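Written below as structure tokens is the structure these notes are about.
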Amino acid sequence: MSWAGPDDIFLSTSLATYLDTNVILEGACERVIVGDLYCDIPLGLYVIRGENVVLIGELDLEKEELPSRMNPVSEAEIKRAQKAEREATDLKGSMRKRMEFLDFD
Amino acid sequence: MLFFSYFKDLVGREVTVELKNDLAIRGTLHSVDQYLNIKLENTRVVDQDKYPHMLSVRNCFIRGSVVRYVQLPPEEVDIELLHDATRREARVVF
């Protein structure tokens, strides 16, 4: 399992090899998490350049991978949720900019 | 080299690694290498609700280049020793 940083992409796999932290993943899938929703999107064979790797974590198979409150949804639905979240943060950002002249602390 | 040796001496201690993406992970320092890549055991994420991704991760490898801080227990740190060592290291470079 690995979690590559910059775009918060989360990949899951069964086999991985690494050298200077370059990574080959077989059977990779991207787990997109938005709030309490998640979706695993299969990606296949992935080659990851080491400079993009943030963390490689070993999954304990006996433990729950995700909290029980989380619900799996389809790819289309998670994409919609991502878009909504992005629009919400954009709106928050633009509103803050409009309020800047008020000089709140 | 100084911090590589320093972390090698800290193997077995409980540390909190804070990454540049704001994720903080607590665990036992298992090993470190020349790039200051860190391997942690018995890991748990500090703010588990914000980062549900890693609920079942117990051991992990962290690339050195993404670490912002390694938080150590204050009683384990000999400040005077570190000060002297870094002063000596700086002199060697120049």
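Each reported figure results from applying straightforward, stated rules to the coordinates on display, with no laboratory input. Quantities reported herein were computed from a predicted structural model and do not represent experimental measurements. With ideal geometry, Cβ positions are generated from the backbone for all residues, glycine too; neighbour counts draw on all protein chains shown.
How crowded by other chains is A:67-77, given as the mean number of beta carbons from other chains within 10 Å of each beta carbon?
The per-residue average across the peptide is 1.
Which whole number gives the average, over all residues in B:18-27, of C-beta atoms from other chains lying within 10 Å of the residue C-beta?
2
Over all residues in B:63-73, what is the mean tally of Cβ atoms on other chains that come within 10 Å of each residue's Cβ? If you can, show how the numbers build up before the last one.
Working: counts 10, 1, 5, 7, 1, 0, 0, 0, 0, 0, 0.
Mean shielding by partner chains, rounded to a whole number: 2.
Could you give the distance between the Cα centres of the stretch B:1-15 and the stretch A:38-105, to the whole Å?
So the separation of the two Cα centres works out to 33 Å.
Give the peptides B:65-71, B:78-84 in descending order of average Cβ contacts within 10 Å, highest first.
Answer by packing, highest mean first, reads B:65-71, B:78-84.
Pull up the cross-link candidates among the aspartates and glutamates for B:Lys8, meaning alpha carbon to alpha carbon under 16 Å and not fewer than 8 places away within one chain.
Filter leaves B:Asp33, B:Glu41, B:Glu76, B:Asp78.
For the protein assembly as shown, what class follows from the C-alpha gyration tensor (a ≥ b ≥ c being the square roots of its eigenvalues): rounded when a/c is under 1.5, otherwise prolate if a/b is larger than b/c, else oblate?
On the way: a/c = 2.05, a/b = 1.38, b/c = 1.49.
Oblate, since a/c reaches 1.5 and b/c is not below a/b.
Angle, helix B:79-93 long axis vs. longest principal axis of chain B, Cα atoms, 0 to 90°, nearest 10?
The answer is roughly 70 degrees.
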